[in-house]
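Each remark here refers to the structure printed beneath this line.
The values are calculated or read from the model by the stated rules, or taken from the named source; none is laboratory data. No experiment lies behind these values; they were computed from the predicted model shown. No Cβ is skipped: glycine too gets one built from the backbone with ideal geometry, and neighbour counts run over all protein chains shown.
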Amino acid sequence: MILDDGRWRGAVTQRPIPEADAEIHALPVEFRHRLAQLWWSQAATEGRVAKSFAVVAEALGRRSENQELKALAERAVDDEHRHVELCLLMARRYAEAGPRRHALAPPLELPFSHPSHPEARTPELRDTLFIIGQCVFNETLASAYLSASYEAATHPMARAALRELLSDEVDHARIGWASLGPLPPTLRDELAAWIHPLAVANLREWRKLTLLDTKPFSDAAETVALARHGFLGKTRIEEALFEGMRDLIAPGLALVGLRTACLNRWLDSGAPT
């Protein structure tokens, strides 16, 4: 449920998240607080994504053939508010465990502005770019990132939270992929010139995320411990994002009949942004 002030209230997860166990209470204070900070930072990014899906829902609403997808996008706004609450729950689980507990401030409200695409020839093309940029690219990359995090995580609490996030992000990506089916041929042809720029812009934004700029811990054991609780090193995150672009997005776009030659050449060159 969205309240009048825009805040979400309701069940945080579809399945219960395990409580902090003895292992978490015994973690070194600095490490535990670091994990709390990472989840707190992720809460802020989830809040910004909710605003992106409001734009997507409006764009889908202007396309009469996509009213079911519009409803899914509106639900995705609610999902992202739920993700904020889930990430804050995880942050509190780490922050409040063991000795030297610390209080968490509300998550930051990150600046938000969606791409204006001033060179789009028609409003229909501009709306399509909003939908593809957020769902096909961003949410598919989010799924790749969370899938790699889930595979590496071995602590039950982290795995439960990541599974919840991942299941939603996969559904959110499907909104974009489903929207590509009914595109008229002329609009589909126009999209060809935009595929490569959209890919570069999305991957660049992912690489700019503060969450991904975490400094490596001092030794391999701490890096393994970080992954156990759901946070990968930057090298593995880069690999997951590249694999998502190469193995999911590029072939998916080709499968629906969009030209991807420029995209594939960019990927072959290492996907510089």
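Tabulated data
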{"read-out": "Leading residue by the ranking (surrounded by the most Cβ atoms within 10 Å (Cβ to Cβ)) among those in the stretch 184-200 that are at pLDDT 95 or above and more than 13 Å from Ile249 (Cβ to Cβ)", "value": "Trp194"}
{"read-out": "Where a residue in the stretch 234-262 is among the hydroxyl-bearing types (Ser, Thr, Tyr) and its partner, wherever it lies, is crowded, with 16+ Cβ neighbours inside 10 Å and assigned to a helix (DSSP H, G or I), with Cβ under 8 Å and at least six apart", "value": "Thr260/Ile195; Thr260/Ala250; Thr260/Leu253"}
{"read-out": "Qualifying residue in the stretch 94-111 (condition: within 30 Å of Ala193 (Cα to Cα) and touching a Ser or Thr at 6+ places or on another chain (Cβ under 8 Å))", "value": "no"}
{"read-out": "Residue ID - nearest to the chain's Cα centre (by Cα), chosen from residues in the stretch 26-38 that are surrounded by 13 or more Cβ atoms within 10 Å (Cβ to Cβ) and over 16 Å from Leu104 (Cβ atoms)", "value": "Phe31"}
{"read-out": "Test: residue in the stretch 203-224 that is buried (at least 16 other Cβ atoms within 10 Å of the Cβ), closer than 22 Å to Leu129 by Cβ and either acidic (Asp, Glu) or at pLDDT below 95 (or both)", "value": "yes"}
{"read-out": "Top-ranked residue in the stretch 56-85 [being basic (Lys, Arg) and crowded, with 17+ Cβ neighbours inside 10 Å; ranked as nearest to Leu125 (Cα to Cα)]", "value": "Arg63"}
{"read-out": "Conditions (1) more than 21 Å from Thr260 (Cα to Cα); (2) among the hydrophobic types (A, V, I, L, M, F, W, C); (3) crowded, with 19+ Cβ neighbours inside 10 Å: number failed by Leu180", "value": "(1)"}
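Per-residue answers, yes or no, for (1) crowded, with 23+ Cβ neighbours inside 10 Å; (2) part of a helix (DSSP H, G or I); (3) at pLDDT 95 or above:
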| residue | (1), (2), (3) |
| --- | --- |
| Cys87 | yes, yes, yes |
| Ala103 | no, no, no |
| Glu109 | no, no, no |
| Ser113 | no, no, no |
| His117 | no, no, no |
| Glu139 | yes, yes, yes |
| Ala148 | no, yes, yes |
| Glu169 | yes, yes, yes |
| Ile175 | yes, yes, yes |
